[in-house]
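Step one of this worksheet: look at the structure below.
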Amino acid sequence: MEIMKTVAELMALSARTAPKGAGQDFVEIKVISGSDLQIIAQEMVKYGAESGKSNFDRDGQNIGVSEALLLLSLNKPEQLGLNCGACGQEKCSMLTAITEGPEFGGPICAWRLVDLGIALGSAVKTASMLNADNRIMYRVGVIARSLGLIEGDIVIGVPLSSSGKSPYFDR
């Protein structure tokens, strides 16, 4: 349904305009719809089977019945410069190069992760106001990143549905 792509675009607007630390924006945003959703769904099931990680198949089935998908990522986030230690380092200057983990890059400044969380919260608030069923999913972010659908060190997705019953509820 085309309206769900519009909902995702309005969610993208909410994520873009959400407040971010020091007014610096490292959040990347992309809306996915159409046949790309089926590709992602198939890759999620495949990844789950190959890696032995649970629930990639379940979430892949959810993506397969979704009508749109909002992707958010942190792309090359700089440290905020507070020297707070929330990242595990004593000073921000010690949080240097991001290295590749099994699914995402890190470590990342904790305050940049908060920025991503606030952007996600703003996006799903918009979906809720528009009565669009949605769910924040880490697993779809793993696959979207591996497929190169969005740049970023960490990626999270929010699938959308307008069916009579939310496919994200009884999981």
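Computed from the coordinates by the stated procedures, all read-outs in this text should not be read as laboratory data. The model shown is predicted, which means the values in this text are computed figures rather than measured ones. Neighbour counts are summed over all protein chains in view; Cβ atoms, including those assigned to glycine, are modelled from backbone coordinates with ideal geometry.
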> What full-extension length gain, to one decimal in nm, is calculated for Lys53 and Thr99 as 0.36 nm per residue of separation minus the Cα-Cα distance?
Replying inline: 14.4 nm
> Do any of Lys125/Lys165; Lys20/Lys53; Lys30/Lys76; Lys30/Lys165; Lys76/Lys125 go past 23 Å between their Cα atoms, and which?
Replying inline: Lys20/Lys53; Lys30/Lys165; Lys76/Lys125
>> What distance in nm lies between label points placed 7 Å from Cα along the C-beta direction at Asn75 and Thr6?
In response: 2.7 nm
> For the pair Thr17 and Gln42, what calculated FRET efficiency results from E = 1/(1 + (r/R0)^6), where r is the Cβ-Cβ distance and R0 = 25 Å, to the nearest 0.05?
Replying inline: 0.15
> Out of [x] 118; [y] 107; [z] 162, which label holds the value of volume of the Cα convex hull per residue in Å³ that was computed here?
Replying inline: [y]
> Quick one: if you stick a label point 7 Å off each Cα along the C-beta vector at Gln24 and Cys84, how many nm between them?
Replying inline: 1.4 nm
